[in-house]
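Engineer: My structure is below; once you've seen it, I'll send some questions.
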Amino acid sequence: MHSNGKLIIFSAPSGAGKTTIVRHLLRQNLDLEFSVSACSRQKREKETDGKDYYFLTVDKFREKIKNHEFIEWEEVYKGRFYGTLKSEINRIREKGKHAIFDVDVVGGLKIKRKYKKHALTVFIMAPSMEELEKRLKKRSADSSESIKKRLAKAKKEMSFMGKFDIIIINRNLQETYKEAIRVVKEFINS
């Protein structure tokens, strides 16, 4: 059991660029492996079970909650659960790797609470709410109602920002990549 693998947690409001940044970090030679979350929603067309998510039925998800198999979990919408399995972190650490997470703000802080100094929390931010709204409109076929909901959620998520170890403002993706790599390397080598 390789228990000194570290945990690097990226959280951000929708549209801030966190998934793009995490994917970039995984392509660097940093011994990182993506921590696959579990969810109770239906698999989308291009998704792969075990790669994008572990797709579970609501009943199976509830059973795993009851058996304390999650580090953190949340019922995001009624009957729609997301969470991080303990077995996933063990799987990554046994390979001698560091786990990198792309999780929501609350989940990220719960992981940090459990792993303390072995975990680094990074909050990715858009330069402004206006920019966030622009990115959401540009990237998505979401209805304006859905975009409004995401922006309201973003405001709420930003209220947790101060609880994170590091905040990176994603003004320019190339600069953000450099900053993220620097921060991750520093943490891994500490």
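Engineer: Using only Cα atoms, what is the ratio of the radius of gyration of the stretch 7-189 to 2.2 N^0.38 Å? Mind dumping the intermediate values first?
Structural biologist: Working: Rg = 16.1 Å, N = 183, 2.2 N^0.38 = 15.9 Å.
Against the empirical 2.2 N^0.38 Å value, I get 1.01 for the stretch 7-189.
Engineer: State, as an integer percentage, the relative contact order of the stretch 91-190 based on alpha-carbon contacts under 8 Å between residues 6 or more apart. Write out the running numbers ahead of the final one.
Structural biologist: Numbers: 57 pairs, mean separation 31.2, N = 100.
The value is 31 percent.
Engineer: Same structure again: Report, ordered by chain and residue number, the lysines lying within cross-link reach of Lys153, taken as a straight Cα distance under 23 Å and ignoring same-chain residues fewer than 8 apart.
Structural biologist: Result set, ordered by chain and number: Lys18, Lys78, Lys110, Lys112, Lys134, Lys137, Lys138, Lys163.
Engineer: Quick check on the stretch 33-126: take the gyration tensor over C-alpha atoms, sort the square-rooted eigenvalues as a ≥ b ≥ c, and tell me if it's rounded (a/c under 1.5), prolate or oblate. Mind showing how you got there, number by number?
Structural biologist: On the way: a/c = 1.39, a/b = 1.37, b/c = 1.02.
Because its axes are fairly even, with a/c under 1.5, the stretch 33-126 counts as rounded.
Engineer: To continue, here is another question. Which three numbers, in whole Å and largest first, are the semi-axes of the equivalent ellipsoid of the stretch 43-86 derived from its Cα gyration tensor as √(5λ)?
Structural biologist: Details: eigenvalues 65, 30, 17 Å².
Its equivalent ellipsoid spans semi-axes of 18, 12, 9 Å.
Engineer: I've got another one for you. How high is the relative contact order of the chain, in percent, with contacts defined as C-alpha pairs under 8 Å that are six or more residues apart?
Structural biologist: 32
Engineer: Through the Karplus equation 6.51 cos²θ - 1.76 cosθ + 1.60, θ set to phi - 60°, convert the phi angles of the stretch 97-102 into ³J(HN,Hα) values in whole Hz; use x for Gly and Pro.
Structural biologist: Taking θ as phi minus 60°, the curve returns 10, 9, 8, 10, 10, 10 Hz for the stretch 97-102.
No value in this document is a laboratory result; all are computed from the given coordinates. Just so it is clear, the structure is predicted and the values come from calculations on it, not from any experiment.
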